[in-house]
Amino acid sequence: MANNAEARRDGVPIYDAEAIETKWQDVWEKNDTFKAREDSDRPKKYVLEMFPYPSGDLHMGHARNYTIGDAMARQARMRGFEVLHPMGFDAFGLPAENAAIKNNTQAGKWTYANMDQAVRTMKRMGFSYDYERLVRTCDPEYYKWGQWAFLKMWEKGLAYRATSPVNWCPSCNTVLANEQVVDGKCWRCGSVPEKRELSQWYLRITQYAQELLDDLDKLEGWPENVKAQQRNWIGRSEGAEIDFALAAEDGVTPTDRLITVFTTRPDTLYGVSFFLLPPESPLAAELVAGTEHEEAYLVLKKSVEQVSSVDRQGSEREKHGVFTGRYVINPLTGTPAPIWIADYILLDYGTGAVMGVPSGDQSDFEFARKYDLPIPPIIARQDDPLYDELKDERNMRVTNVDWDHAMDAEGYLIQSGPFTGMLGGKHSPAVDAIIDYLGERGVGRKTVQFRLRDWLISRQRYWGNPIPMIHCDECGDVPVPYEDLPVTLPEDLDLGAGETLAECEEFYATTCPKCGKPAKRITDTMDTFTCSSWYFLRYCDPHNDSMPFSKESVDRWMPVDNYIGGIEHAILHLLYSRFWTKVMRDLGLIDIDEPFTNLLCQGMVKDANGDTMSKSKGNVVPPSSVIGPYGADTMRLAILFIAPSEKDFNWDEEVVAGANRFIKRAWRVVWGLSQTADANAKLEPKSLGKAGAELYRRMHELGIRCTTDFDRAQFNTAISAVMELVNDASAYLNSTPAEQRDPALTFVVARTIVAMLSPICPHWGEELYHEALGMEGSVYEEAWPTFDANAAKADTVQLAVQLMGKVRARIDVAADATKDEIEAVAREALAAHIVGKTVRKVIVVPGRLVNIVAN
RNA sequence: GCCCGAGUGGCGGAAUUGGCAGACGCGGAGGUCUCAAAAACCUUUGUCGAAAGACGUGUGGGUUCGAGUCCCACCUCGGGCACCA
């Protein structure tokens, strides 16, 4: 490449992206330009992008994610904030194991090589990270503190081991958390998990269910859909537990044995015509054992085991059930209800037992229809013929109803004893009355259920953070003493030869910290989401070797002010991180309740046809293919300009070419302005001349727009404001001979253009700041320009004149004209239209329009 | 079924509180420069119409002097949850 001094055209250096970009990347690195200073007295701003999984080089999605964050971080610096903008790697996980096997290498080697490549690409993109704070979750100095946190949670009873049915992914050979089963499939590989009864390790996230739900309301800076997804996932429902007595063999005599149900509709208790247990229920097995019903039950149970969880979901599936021959007694009516075992009942929701109300529940209705069970109506609208007939207790009867009569609509109780006539439905008076009634008799109580389950964190995999526990035959599960942390993962396992952590004696053979006898380490590792649940805290104090982070450092930087990442983490990572933060708070390590104040979920980058980019489809556009021919600044500009950050966009080479055209044009315009620019000249707005005054006014108008657009992270319109200013400056240069241009104006406009585009095109900005404007230091030490709303006002404004809301004329009036003056001009402009009509009303909206109402 | 979003030119998209719909860019058309091309620059570009003008933000109503924006009903698309009792 020719150097700038030689390659000039009309006195303007050729824009040589590659030369400029490598030059400034070196300068920034040398000068520590983007180091977050602990001792700065500027206000802090913590800008964070979700760190990548290092499965190879960065792709377009990463480029978009980090470009958004970098523009925010750089602009915040110019706005006077001390900015923490760190980066790291979520480095544990299964892909590293698979790659190690495939390439006959070690998971660690592969991971570190990928991280090195990714850092090179980040630097080539000009991302302003404080690289001294780089965190890699597979470094023992990091994962040690994940183990430390696990032990703290163990002490507080927040970590525990339990045996229960879990989702086992046969292809990943490990269990999965509930959150990692997406659409009934493994989130990573898409296989359908099997249910297995296994002893596994959990974190008690359910203890925080209510707070995780409540605090969503505080997160005003989060997108509504993310909050809605979390609310759905937590799935709070209010209702009651009601105790039904198991009847003796005769079917009518209550025994002492109680079976409790959970229901959100206690007001429908009079409509119970059967009782339901899931096939997995031990009670179900017990009730049918040795009876004529046992055989049918076993068939049902087996069929459920064979059907995958995907097929079992979905309301299209036909319901199956088996009668047990036994009954329960309705605590309200004293009437017996037959106990059925049904395959649509879930063991792990509520109490694992359900009262069947066919006139109130679609599923129960279908079930009753199929097995010919009674469908007693218990709720009706007042305009329903049934209501008149059945509101009178004397007409009480059991009759089958159609689904039309079901009480999903608002309605009043019928055939419901003393509660007949009360308004029913969720949170209705009837609900409260019946709960009170049951409560007085000690057979029911108000309760809340959550859909959220505890977080299953153990994984039967090698490349993860070992669970710091030891199993001793004498003492049970014993925590590894803090002074022995970290439990180090062996780096040299030969996965290709089939070695696993569970079989690695060197790793698991140990002695019990309690009794000193030989014992075995837990060979499960923690879910990688444990590593990503607190990395943002570690960035505040990444080299601390006595604590995960100091209180002082998290007080300084947390919470994250702007968090940017993909919507796919709406539940998984964002829910886990909120939980972890609350646990750290309750351990006294931090004071905040929520980790992320503002959240931006960027859209996906798809190919030109709108298909997701993937290696298997062969439609991936690597960032290097754009950086090479156009440069990082063009790529950053194109990514931010093509669409609003939250929206998906389709990759379009034309947009990149357009961005490159603009960046070169802006380059020429700034150089053109610089020919007459004088940094020391004083600007006198009154002596600028017509063209100059208008350019000056537009600079303020567009500067205000650009600034507010940065504030609301709307980069596409922020860029269009700069484009307009460049267009105006270009017009000024074309219309005004050099000797008539104002030196102060040309300087301030050039500096403004450079400043406003610098967060987005940083190398371009630095180069012009120094070479064209002759400034010293970094453009990021320069303050963001201030704009004056008064200076943005024009002397005269054009108003639309409407007749009955339709634009009929345009008038020019002085900006400070009174309403009366404006009205007079407007009437004159519309004189021909309003001849012979009566003007009823004239609305004057200053600066905008006049509307004359006449007929 | 429940819960969130979103529907604007040929395309990506603008339009802070109800106030000139289509900013900015892409693409298209025409032009300047050039032997020619590229690059660059200029003009033009919602639809219909020669023009005046009319129509125009998913559909149908409504509120208002005035609606892309507010209200009601609906349609379509995207996303989440779901035999959750």
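The values are calculated or read from the model by the stated rules, or taken from the named source; none is laboratory data. Please read all numbers here as calculations on a predicted model, not as lab measurements. Cβ placement follows ideal geometry from the backbone for every residue including glycine, while neighbour counts extend to all protein chains displayed. For accessibility, only protein heavy atoms count, side chains too; no ligands or nucleic acids. Shrake-Rupley method; radii C 1.70, N 1.55, O 1.52, S 1.80 Å.
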*asked:* Between helix A:819-829 and chain A, what is the angle of the helix's C-alpha long axis to the longest principal axis, kept within 0 to 90° and rounded to the nearest 10?
replied: 80 degrees
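Can you pull out the GluC sites (Glu not before Pro) in segment A:759-852 whose DSSP state is coil and whose Cβ has at most 16 other Cβ atoms within 10 Å? Mind dumping the intermediate values first?
Details: sites: A:GLU766, A:GLU767, A:GLU771, A:GLU776, A:GLU781, A:GLU782, A:GLU821, A:GLU823, A:GLU828; in loops: A:GLU776, A:GLU781, A:GLU782.
Filter output for segment A:759-852: A:GLU776, A:GLU781.
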*Of all accessible surface on segment A:183-244 at a 1.4 Å probe, what whole percent is carbon and sulfur?*
43 percent
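List the equivalent ellipsoid semi-axes of segment A:434-548 in whole Å, largest first, each obtained as the square root of 5λ for an eigenvalue λ of the Cα gyration tensor. Mind dumping the intermediate values first?
Values: eigenvalues 297, 93, 57 Å².
Values for segment A:434-548, descending: 39, 22, 17 Å.
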_Net charge dipole size for chain A [Lys, Arg +1 and Asp, Glu -1 on Cβ; Debye, nearest 20]_ = 2100 debye
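So for chain A, Kirkwood radius off the Cα pairs, Stokes-Einstein at 37 °C and 0.692 mPa s: how many µm² s⁻¹?
Numbers: Rh = 32.5 Å.
So the translational diffusion coefficient is about 101 µm²/s.
So what's the projected area for segment A:80-239, the Cα convex hull averaged over all directions, in nm²?
On the way: hull surface 56.7 nm².
One quarter of the hull surface, i.e. the mean projection, equals 14.2 nm².
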*Can you give the Rg and Dmax of segment A:713-855 based on its C-alpha atoms, in angstrom?*
22.0, 70
*Where the accessible area of segment A:415-462 is counted over protein heavy atoms with a 1.4 Å probe, how much of it, in %, is carbon and sulfur?*
53 percent
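Checking the table A:LYS152/A:LYS520; A:LYS109/A:LYS520; A:LYS301/A:LYS520; A:LYS227/A:LYS617; A:LYS123/A:LYS647 against a 31 Å threshold on Cα-Cα, which pairs fail?
Values: A:LYS152/A:LYS520 21 Å; A:LYS109/A:LYS520 28 Å; A:LYS301/A:LYS520 37 Å; A:LYS227/A:LYS617 33 Å; A:LYS123/A:LYS647 26 Å.
Result: A:LYS301/A:LYS520; A:LYS227/A:LYS617 exceed 31 Å.
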*asked:* For a protection proxy built on the mean count of beta-carbon atoms within 10 angstrom, sort A:541-553, A:710-722, A:750-762, A:134-146 highest first, please.
replied: A:750-762, A:134-146, A:710-722, A:541-553
_Those GluC sites (Glu not before Pro) in segment A:238-282 that DSSP places in a loop and that have at most 15 other beta carbons within 10 Å_ = A:GLU249
*asked:* I need the Debye-formula profile for segment A:88-160: one equal scatterer per C-alpha, no solvent, reported as log10 I(q)/I(0) at q = 0.20, 0.22 1/Å, two decimals.
replied: -0.91, -0.98
*Pair A:VAL252, A:GLU294: separation of 7 Å Cα→Cβ label points (nm)*: 2.8 nm
*asked:* Compute the helix-to-body angle for A:224-234: its Cα long axis versus the longest principal axis of chain A, expressed 0 to 90° and rounded to tens.
replied: 20 degrees
*Under 16 Å Cα to Cα from A:LYS370, which aspartates and glutamates show up? Leave out anything in the same chain fewer than 8 places away.*
A:GLU316, A:GLU318, A:ASP343, A:ASP361, A:ASP402
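Packing-wise, with mean Cβ within 10 Å as the measure, how do A:166-173, A:189-196 rank, highest first? Walk me through the numbers before you get to the answer.
On the way: A:166-173: 18.1, A:189-196: 14.9.
The most tightly packed comes first, giving A:166-173, A:189-196.
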_Hits among lysines - C-alpha to C-alpha of A:LYS841 under 27 Å, sequence gap 8 or more where chains match_ = A:LYS806, A:LYS819
*Kindly provide the pair-distance distribution of segment A:655-710 built from C-alpha pairs, with 5 Å bins from 0 and whole-percent values in order of increasing distance.*
4, 14, 13, 24, 24, 13, 5, 2, 0
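Can you pull out the GluC sites (Glu not before Pro) in segment A:480-528 whose DSSP state is coil and whose Cβ has at most 12 other Cβ atoms within 10 Å? Don't skip to the answer; put the middle values down first.
Details: sites: A:GLU483, A:GLU491, A:GLU499, A:GLU503, A:GLU505, A:GLU506; in loops: A:GLU491, A:GLU499.
Passing sites in segment A:480-528 are A:GLU491.
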*With every protein chain present, what is the per residue accessible area of chain A (1.4 Å probe, Å²)?*
44 Å²
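Can you give me the Kirkwood hydrodynamic radius for segment A:27-97, using every pair of distinct Cα atoms, in Å to one decimal? Intermediate values should be presented prior to the final figure.
Values: mean 1/r = 0.0725 Å⁻¹.
This gives a value of 13.8 Å.
Suppose only helical runs count, i.e. DSSP H with n ≥ 4. What mean residue ellipticity at 222 nm does that imply for chain A under -39500 (n - 2.57) per run, divided by all residues and rounded to the nearest 500 deg cm²/dmol? Kindly include the intermediate steps, with their values, before the conclusion.
On the way: 27 runs with 300 residues, N = 855.
Here the helix-only value at 222 nm equals -10500 deg cm²/dmol.
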*Rg and Dmax of segment A:242-357, Cα atoms, in Å?*
13.9, 41
_On Cα atoms only, tilt of A:140-155 relative to the major axis of chain A in degrees_ = 40 degrees
*For segment A:630-778, what is the convex hull (Cα atoms) projected area averaged across all directions, in square nanometres?*
8.9 nm²
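If I take all pairs of Cα atoms in segment A:692-783, what percentage of them are more than 19 Å from each other?
Numbers: 1709 of 4186 pairs.
I get 41 percent for the Cα pairs in segment A:692-783 exceeding 19 Å.
May I ask you to give the percent of accessible area on segment A:1-139 that is carbon plus sulfur, with a probe radius of 1.4 Å?
Working: 2680 of 5650 Å².
Reported share for carbon and sulfur atoms: 47 percent.
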*asked:* What does the extension gain come out to for A:ASN680 and A:ASN178, with contour length at 0.36 nm per residue minus their alpha carbon separation?
replied: 174.2 nm
*Alpha-carbon centroid distance for the pair segment A:109-131 / segment A:638-655, whole angstrom*: 24 Å
